[in-house]
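What follows is a single structure, written as structure tokens, with notes after it.
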Amino acid sequence: MHPRLAIYTQQILNNANRIPTSITTTRLLYSCSNPSKFRTNGLVLSRLLSYFTPLHRREPPDPNDPSTLMKEDGVSVCSQMWIENFRDPDRTVTNLSSYLRRFELWVLAYQKVSADEMGAYMPRSSITKSALEDLLKLRNAVLDERFKWGARLDFIIKSPKDKTDYASLSKRKIKAILTTTQPAAFQDKIVQEVLFMILEPIYEARFSQKSFAFRPGRSVHTVLRVIRRSFAGYLWYIKGDLSTILDGMKVGFVINALLRDVRDKKVMDLIKSALVTPVITTRVDEGEKRKKTKRKYQKKRVLAEDEPKPDPYWLETFFGFAPEEAGKVPSWGHCGILSPLLANICLDEFDRWMERKTKEFYHPSKNDVIWNNPEGEAEHGNTSWPEFVPTSGPDKTRKMDYIRYGGHILIGVRGPRADAATLRKQLIEFCDQKYMLKLDNESLPIEHITKGIMFLDHVLCRRVVYPTLRYTATGGKIISEKGVGTLLSVTASLKQCIKQFRKLNFIKGDRDPDPQPCFRMFHATQAHTNAQMNKFLSTMVEWYRYADNRKKIVNFCSYIVRGSLAKLYAAKYKLRSRAKVYKIGDRNLSRPLKEKKGQSPEFHNLLRMGLVESIDGLQYTRMSLVPETDYTPFPSNWRPDHEIALLEYIRLDDPKTVDEQRNSIGEQGLVSPQDYISMLVWNYKRNVIAMDQLSMLKTADNNKEKDHQLLLGSSDGLNDQENMEEDEQIKGFRAAHM
């Protein structure tokens, strides 16, 4: 056995590069072949083999393996970015390339873009390995500055639903792809999404609270509630249209606006190349158009299983009611979803300038019942009328407010018209110098509140009221006086509603609108048609939620929709007139119109058995069924829910907050729950330890006494000793309890 071991050792020692110089071959062979030193031989052999046993070291992660790069969840990375930026919003961000390298953000962007393309959310486990590898190649191409915007044929990664083999396309198809307008490439959308996730938290912490378009947690309803809350009392209004800025700006100005807060070369170069790279917008040739128009009958295309379905008819109809201010979305170069964010970044300087002007313009007056505080934070004087404000005068407070939605601005001025004209002149000069935008007095009209101000398809107007004001004079005498004031009214524009219905071919005429049949739903069943229009009416009820004339405007929409469907059913079922349709189908069209005589059982029996589809009647056919206007109070310093949660988390995470809470608890003589539990645990441990030591000492003494009593053989002493032990145990338990 030992000679074999020596031979094996000699074979191992042939590899001289891996043997330390301190170990010699002769010594090892001698120690292994000497049977008298068994322990020494085993120790030397174990040392020898330890030099040749491979160490299981932790190898560095493979940079080309996507699975090793996903250490965290992409949502947690985004959350950390939001927290960091809201904790210190004024800092200059210098290192964004580290976030650009985070593969978790790229996977999250892939999931979001795939959801838009496929119409369904794709979990991380459903992403194929080949897609992850292509996504890693795209990330590396962006980091190495090899990525090019606007690719048409050479893609690094393709959409999951894109099964096109671009290598086998004909020359005609390749020419059409290269020369005609095409949707943005899938890989471009992923890069845009990653840049958006990185830049949005940086600028959301810096944007003005007067900006409401293209921002999370803010909508048109937020603007209307702010107007109702803060614009009561203004007499002169300046309404401006800066939407030409949304059409596009010079690349240098956009980059300079970004450089005020972000100093990262890779991100800046990526955005600059997206703005500079030309977008091909050539139209289709006239010959191809003629070929398409010659075919009268085209076979309907069947959607694939993974292909998203088009928007339903009710949603397309509602999109037609989008106000002019909200209908324009900027699209700059290849920036895609980044364009609205870049537009807000460029207009943020205008917001800051208007905020400074608002502070300079404010001159409080003690004779006024509102805004008489030098801070400008006082509420309305009469709490029973939250929107009641007195008329303006020379001894009243001078104040202005400002709000912006996209490229449209609204400025309210409380004071003489000359102040509004001076402000308009300064605004024109600022836009000319900063944005090189030529504005004139016609593009910034000054209008009085009595004429009605149209903004976001709602009319701001003033109703003069004469309320009775009761107050207690000196001496305890109650005095009643009639006052004169105004009440700000935010009403939906009926004229604008009619205009939108006319665009959608629902009505004909202006003064006496006549509903037209909705022939697009001709081949749908009565139940499906009614369900579609009910969804549209429910959306309209929500859209006019904060309008003072909500009942009237929604009832008008219901009248138009009901008349349109009645004409459609009259043409479809050959009933000749709307009156006959209402007679058979009821006022809300809930009864079936296609019912033949002599059928048994009746329709209701078939409905009970589930053999026919139930028909829901049209909603809001009477004004009493329309819900009331929402007058929920709106806080002055309003913030969206996600910003409130972020600020609260940052405040609680600050060590100063914990110290302040502890100091306040100590000053009030209270004990926090954590300290109370710690005190209970400590007292329990201390008493238990004391009791254990006492029991050990008593046990030792008792053993000695028992031995002594056994030697003496006295039974009386044992009984006395047992009684003493019981007494000592009871005392020990009482001490532990205390």
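The values are calculated or read from the model by the stated rules, or taken from the named source; none is laboratory data. On a predicted model such as this, the values are computed, not experimentally measured, just so you know. Counting neighbours? That spans all protein chains shown, and the Cβs are built from the backbone with ideal geometry, glycine included. We work out accessible area using only protein heavy atoms, side chains counted, and drop any ligands, DNA or RNA first. Shrake-Rupley method; radii C 1.70, N 1.55, O 1.52, S 1.80 Å.
Of everything in region 163-195 that is assigned to a loop (DSSP other than H, G, I, E, B) and open to solvent by 60 Å² or more (accessible area, probe 1.4 Å), the residue that is farthest from L132 (Cα to Cα) is T181. In region 200-219, the residue that is modelled with the lowest pLDDT out of those that are touching a strand residue (DSSP E or B) at 6+ places or on another chain (Cβ under 7 Å) and not in a strand (DSSP E or B) is A213. Give the residue that is farthest from L565 (Cα to Cα), with candidates limited to residues of region 492-511 that are in contact (Cβ under 8 Å) with a residue 40 or more places away in the chain and out of contact with any helix residue (DSSP H, G or I) (no Cβ under 8 Å at 6 or more places or on another chain). Among residues in region 492-511 that are in contact (Cβ under 8 Å) with a residue 40 or more places away in the chain and out of contact with any helix residue (DSSP H, G or I) (no Cβ under 8 Å at 6 or more places or on another chain), the one farthest from L565 (Cα to Cα) is Q496.
The single condition among (1) outside the structural domain of H523 (by the TED database); (2) at pLDDT below 90 that D630 does not satisfy is (2). Of everything listed in (1) touching a residue at least 40 places away in the same chain (Cβ under 8 Å); (2) more than 25 Å from S273 (Cβ to Cβ); (3) among the polar types (S, T, N, Q), the single unmet condition for S168 is (1). When I238 is tested against (1) in a helix (DSSP H, G or I); (2) buried (at least 21 other Cβ atoms within 10 Å of the Cβ), just one condition goes unmet, and that condition is (1). Residues in region 457-496 that are among the hydrophobic types (A, V, I, L, M, F, W, C) and buried (at least 20 other Cβ atoms within 10 Å of the Cβ): V459, L460, L488, V490, A492. Restricting attention to region 564-591, the residues that are over 11 Å from F519 (Cα atoms), assigned to a helix (DSSP H, G or I), out of contact with any Lys or Arg (no Cβ under 7 Å at 6 or more places or on another chain) and open to solvent by 10 Å² or more (accessible area, probe 1.4 Å) total 4. Based on what the data block shows, is P160 over 30 Å from D630 (Cβ atoms) and either in a loop (DSSP other than H, G, I, E, B) or in contact with a Gly (Cβ under 8 Å, 6 or more places away or on another chain) (or both)? Yes, satisfied. Here is the figure for region 267-320: residues that are more than 22 Å from Q532 (Cα to Cα), modelled with pLDDT of 80 or more and surrounded by 10 or more Cβ atoms within 10 Å (Cβ to Cβ) total 13. Under the condition of being open to solvent by less than 60 Å² (accessible area, probe 1.4 Å) and among the hydroxyl-bearing types (S, T, Y), the residues counted in region 119-162 number 1.
Of everything in region 521-538 that's under 35 Å from the mean Cα position of the chain (by Cα) and open to solvent by 30 Å² or more (accessible area, probe 1.4 Å), which residue is farthest from F319 (Cα to Cα)? Residue satisfying both the conditions and the ranking: H528.
Could you count how many residues in region 106-146 are of a type outside the set (A, V, I, L, M, F, W, C), closer than 27 Å to I271 by Cβ and more than 21 Å from the chain's Cα centre (by Cα)?
Residues of region 106-146 that are of a type outside the set (A, V, I, L, M, F, W, C), as a first pass: 110-112, 114, 116-117, 119, 121, 123-126, 128-130, 133-134, 137, 139-140, 144-146.
Filter again for closer than 27 Å to I271 by Cβ, leaving 110-112, 114, 116-117, 133-134, 137, 139-140, 144-146.
Still in the running and more than 21 Å from the chain's Cα centre (by Cα): 133-134, 137, 139-140, 144-146.
So the count comes out to 8.
Please verify whether R414 is modelled with pLDDT under 90, charged (D, E, K, R) and either under 24 Å from E360 (Cβ atoms) or surrounded by 19 or more Cβ atoms within 10 Å (Cβ to Cβ) (or both), treating the condition exactly as stated. Taking the combined requirement at face value, the residue satisfies it. Within region 482-504, being under 17 Å from A322 (Cβ atoms) and in a loop (DSSP other than H, G, I, E, B) holds for S493, L504. Return yes or no: is E726 more than 60 Å from the chain's Cα centre (by Cα), open to solvent by 90 Å² or more (accessible area, probe 1.4 Å) and modelled with pLDDT of 55 or more? Spelling it out, E726 is indeed more than 60 Å from the chain's Cα centre (by Cα), open to solvent by 90 Å² or more (accessible area, probe 1.4 Å) and modelled with pLDDT of 55 or more.
Note down all Cβ pairs under 7 Å where the first residue falls in region 325-352 and is without any contact (Cβ under 8 Å) to a residue 60 or more places away in the chain, the second is of a type in the set (F, W, Y), and they're at least six residues apart or on different chains. Every condition considered, the pairs that remain are S339/W332. Report whether or not I227 is without any contact (Cβ under 8 Å) to a residue 60 or more places away in the chain and open to solvent by less than 30 Å² (accessible area, probe 1.4 Å). In short, no.
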